[in-house]
1. How much net charge surrounds Arg163 when only other residues with a Cβ under 13 Å from its Cβ are counted (Lys, Arg +1; Asp, Glu -1)?
2. Quick one: Debye curve from the C-alpha atoms of the stretch 181-233, no solvent, what's log10 I(q)/I(0) at q = 0.20 Å⁻¹?
3. Can you give the net charge of the other residues whose Cβ lies under 10 Å from the Cβ of Ala196, counting K and R as +1 and D and E as -1?
4. Is any helix in the chain, taking whole DSSP H runs, at least 15 angstrom long along its axis by alpha carbon and on average at least 0.5 on the Kyte-Doolittle scale, and which ones?
5. To the nearest 10 Å², what's Lys190's accessible area with a 1.4 Å probe?
6. Take the eigenvalues of the Cα gyration tensor for the stretch 194-323, scale each by 5, and report the square roots as semi-axes in whole Å, largest first.
7. Of all trypsin sites (Lys or Arg not before Pro) in the stretch 39-101, which ones are in loop regions per DSSP and have a Cβ with at most 10 other Cβ atoms within 10 Å?
8. List the residues, sorted by chain then number, that are 5 or more residues from Ile322 or on another chain and whose placed amide H is less than 5 Å from its amide H.
Amino acid sequence: MLIRLIVAAAVCLVASATVGAQPTAKIPRIGVLWQTTPPPPIHPHLPLLLKSLQDLGWEDGRTVAIEHRHGGNDASRLAELASELVRLKVDVITTAGDLSTRAAQQATTSIPIVALVGFPVESGFVKSLSRPGGNITGFAVIADELAVKRLELLRDLLPRVSRVAVLWDPVTHERQPKAVEAAAPSLGLKVQILAARTAGELDAAFEAAVAARAEAVLVLISPMFIGNRSILVRLASQHRLPAMYHHPTFTEAGGLIAYGPSIEEQWRQMAGTIDKLLRCARAAELPVQQPSRFELDVNLKAAREIGIEIPQSILMRDSRVIE
């Protein structure tokens, strides 16, 4: 045991020494297990991850080597890729989504995992947010509370709306749709939960929303939805359904409105945790971070195209307006 501790300490010293220096014979490796399909296009979070790591001295190909793997919403494929990263003996694994995190969790109990998920405790990834207790830590998105907040914003945006279709990816935690269902009556809304696990199921989900006379759509958090944001935006526009999203890349792709945690903050904190782990901190003792900054994005062009007038009460909030 003493020999193992000495070897581990030596590895960390070597890893720390590479920061800001030219590559040595061995530089640390980060495995990134993406729950989206392979690029193109690249995952919208990738530039933020690379920039946040570089700000801390970890430059891909110079002071660190980053191994990217893309498994989509395929649990079997993600399990294979997680095992591959373990065989490569990466120093840290980063995940974003329940399926990819579960795959990494089942592949290793020793390599630290930095996960971006909705419910780390409820999903069984950590014992508590303050003291994770195992080899997983990361960032909790508080997806249920934010889902309710988005529904409230959608009601503020469209005060006459009474029926909302809620698009949910079943590989994500069921607490998201349950929170929306529980909150809807107090907001005077009726919601219809529509499941879509693959891009091929999105058309049918929107057709079901139209058949049920939905007047708006709430898109819950899912890596699959982010990866297929252009399809979602097109379908919402095609059916003239105002849609509330969870990520600014939806409004940048032409979507109407989005609200959620600051993506830059998320990945800056994720990178900070990776940095600590590469310098020999223990995942079990690194608290799971939570968002403190939130962003509202409104696309006025999208509003005009479907005949929606954005209320001043929305525009006067601390929001980013896309003309």
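1. Taking every other residue near Arg163 into account, the sum is +3.
2. Debye curve over Cα of the stretch 181-233, log10 I(q)/I(0) at q = 0.20 Å⁻¹: -0.77.
3. Its environment carries a net charge of -2.
4. Working: long enough: 2-18 (25 Å, 2.26); 75-87 (18 Å, 0.26); 143-157 (21 Å, -0.01); 263-278 (22 Å, -0.48).
What comes out of the filter, once short or polar helices are dropped, is 2-18.
5. 150
6. Values: eigenvalues 208, 76, 24 Å².
The three semi-axes for the stretch 194-323 are 32, 19, 11 Å.
7. Details: sites: Lys51, Arg62, Arg69, Arg77, Arg87, Lys89; in loops: Arg62, Lys89.
Within the stretch 39-101, the qualifying trypsin sites (Lys or Arg not before Pro) (loop, at most 10 other Cβ atoms within 10 Å) are Lys89.
8. For Ile322, the qualifying residues are Val298, Asn299, Leu300.
The values are calculated or read from the model by the stated rules, or taken from the named source; none is laboratory data. Just so it is clear, the structure is predicted and the values come from calculations on it, not from any experiment. With ideal geometry, Cβ positions are generated from the backbone for all residues, glycine too; neighbour counts draw on all protein chains shown. When the accessible area is computed, the model is the full protein with side chains, heavy atoms only, and any ligands, DNA or RNA have been set aside. Shrake-Rupley method; radii C 1.70, N 1.55, O 1.52, S 1.80 Å.
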